[in-house]
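See below for the structure under consideration.
The values are calculated or read from the model by the stated rules, or taken from the named source; none is laboratory data. Predicted, not measured: the structure shown is a model, and the values here were computed from it. Positions of Cβ are generated from backbone atoms using ideal geometry, with glycine treated the same way; all protein chains shown enter the neighbour counts.
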Amino acid sequence: MPFSKITGLGHYVPENVVSNNQLSNLMDTTDEWITERTGIKERRFFTEGKDTVSNMAARAAKVALERAGKKTEDVDAIIFATLSPDYYFPGAGVLMQRELGISKIPCFDVRSQCAGFLYALSIADQYIKSGMYKTILVAGSEIQSNMLEMSDRGRTMSVIFGDGAGACVVEAHEEKGKGILSTHLHSDGTHAEELLLKLPSSSMFQRGLVDGIKESGEILPYMNGKLVFQYAVKYFMEAINEALEFNNYTQSDVDLLIPHQANARITEYVRKEMNMPPEKVISNIHKYGNTTAASIPIAFTEAWEEGKVKDGDLIALAAFGSGFVWGSVLIRW
Ligand code: UT7
């Protein structure tokens with residue numbers, strides 16, 4: 001049976017940097033509040049006419065392919081994680097395929113929000129282990145800034161989210177004990193409405209896009225921050241421990257933890273629970289905010305570029321988000 005491993009990582013973030021102070025000119029917030037409650041100092045916002053969810057992912061994928069020593073014609077499938085596709089349909093995967101000039105391979109989107117990249121990685125892992133494909137591009141990309149309202153009403157969400165993309169090449173290999181060791185995924189729809197963007201909704205008259213909708217606020221994302229926070233810290237830990245137990249490891253065996261970047265306080269909670277030093281836990285939320293499906297591949301790429309990902313390292317990825325969906329991936333690099 002073949003095994004799978006990540007052989008190349010890349011990321012792309014829009015050039016437009018937006019600081020907390022810039023946001024405080026638009027709404028009732030402060031750099032102090034955002035820094036203290038989230039750890040975010042700045043984020044990237046896309047440039048209309050230049051950046052799209054699919055072309056940002058394609059730029060990240062080109063870097064990942066080059067680092068893997070692969071050409072676009074080597075790719076057998078594209079799995080694209082996003083909650084903000086270019087179009088309602090078709091999905092962003094086929095647009096990325098077109099952008100990369102790859103023809104006729106299967107391309108599809110995964111809609112699992114902040115855990116989207118882990119869900120996509122898990123699917124790639126299974127395709128490779130089954131022998132169906134040998135080389136898969138996995139991407140996570142988001143443009144979220146244009147769904148936020150830069151006002152007092154929208155401030156809780158507007159200060160948190162940012163835009164960006166990350167991608168990796170997953171390849172088949174034969175070396176047992178190396179590469180992706182396990183993937184564990186979970187969902188629970190009980191609290192689906194506690195973190196959501198409701199409109200456009202197929203269950204509403206004219207998809208809810210009727211006069212007065214902007215004023216009602218239902219066109220904006222909503223989050224019950226405190227509830228989401230409580231579940232996030234619980235399920236981050238459960239997912240990591242599940243992966244470690246499954247592979248007969250303990251928390252002290254982990255060399256590098258790359259969590260979804262939701263809030264620096266969540267990352268710090270997990271770090272303390274696992275008794276890990278700060279240098280072994282990747283945190284870049286201060287630069288990008290929460291980039292949802294793109295956050296893990298961006299953080300992973302930066303960690304690799306900074307030389308923090310070393311041969312033989314045991315690496316844990318973990319994510320939690322709207323759904324609720326959560327999970328973990330354990331890797332022996
Ligand atoms: O990636 C998917 C998963 N997402 C998460 O895991 C996020 C989880 N939740 C969080 O990260 C936090 O709950 C937030 C960062 C969203 C909010 O932090 P919080 O410490 O839970 O603040 P809060 O919502 O309880 O608000 C505290 C106060 C409120 O004022 P009062 O009622 O105490 O007077 C808010 O109105 O802060 C106020 N507030 C703000 N003040 C300045 C809310 N947003 C802002 C803002 N600037 N942007």
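Results, tabulated for the structure shown:
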item	result
Residue within region 73-82 that is farther than 30 Å from Asp188 by Cβ, in contact (Cβ under 8 Å) with a residue 12 or more places away in the chain, touching a Lys or Arg at 6+ places or on another chain (Cβ under 9 Å) and part of a helix (DSSP H, G or I) present	yes
Conditions (1) of a type outside the set (Ser, Thr, Tyr); (2) within 16 Å of the ligand (Cβ to nearest atom); (3) surrounded by fewer than 20 Cβ atoms within 10 Å (Cβ to Cβ): number failed by Phe236	(3)
Candidate set: region 239-267, residues that are in a loop (DSSP other than H, G, I, E, B) and not hydroxyl-bearing (Ser, Thr, Tyr); chosen: the one surrounded by the most Cβ atoms within 10 Å (Cβ to Cβ)	His260
Neighbours by Cβ (under 7 Å, 6+ apart or cross-chain): first from region 116-134, more than 12 Å from Ile296 (Cβ to Cβ) and touching a residue at least 60 places away in the same chain (Cβ under 8 Å); second buried (at least 23 other Cβ atoms within 10 Å of the Cβ) and among the small types (Gly, Ala, Ser)	Ala124/Ser4; Asp125/Ser4; Ile128/Ser4; Lys129/Ser4
Test: residue in region 197-206 that is more than 14 Å from the ligand (Cβ to nearest atom), in contact with a strand residue (DSSP E or B) (Cβ under 8 Å, 6 or more places away or on another chain) and not assigned by TED's automatic domain parsing to the domain that holds Arg111	yes
Selection count where residues are of a type in the set (Asp, Glu) and in a strand (DSSP E or B), scope region 112-149	1
Test: Ser158 is among the small types (Gly, Ala, Ser) and under 19 Å from Ile213 (Cα atoms)	yes
Ile160 vs. criteria within 30 Å of Asn263 (Cβ to Cβ), within 16 Å of the ligand (Cβ to nearest atom) and either in the same structural domain as Asn16 (by TED's automatic domain parsing) or modelled with pLDDT of 95 or more (or both)	yes
Region 30-47, residues that are more than 18 Å from Thr291 (Cβ to Cβ) and in a loop (DSSP other than H, G, I, E, B)	Thr30
Qualifying position, being more than 15 Å from the ligand (Cβ to nearest atom), free of Cβ contacts under 8 Å to residues at least 24 places away in the same chain and not hydrophobic (A, V, I, L, M, F, W, C), among Glu215, Glu242, Glu273	Glu215
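Yes/no matrix, rows are residues, columns are (1) within 16 Å of the ligand (Cβ to nearest atom); (2) aromatic (Phe, Trp, Tyr); (3) assigned by TED's automatic domain parsing to the domain that holds Gly321:
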position: Ile40; (1), (2), (3): yes, no, no
position: Arg59; (1), (2), (3): no, no, no
position: Lys70; (1), (2), (3): no, no, no
position: Glu73; (1), (2), (3): no, no, no
position: Tyr88; (1), (2), (3): no, yes, no
position: Ala92; (1), (2), (3): no, no, no
position: Leu100; (1), (2), (3): no, no, no
position: Ser112; (1), (2), (3): yes, no, no
position: Ile128; (1), (2), (3): no, no, no
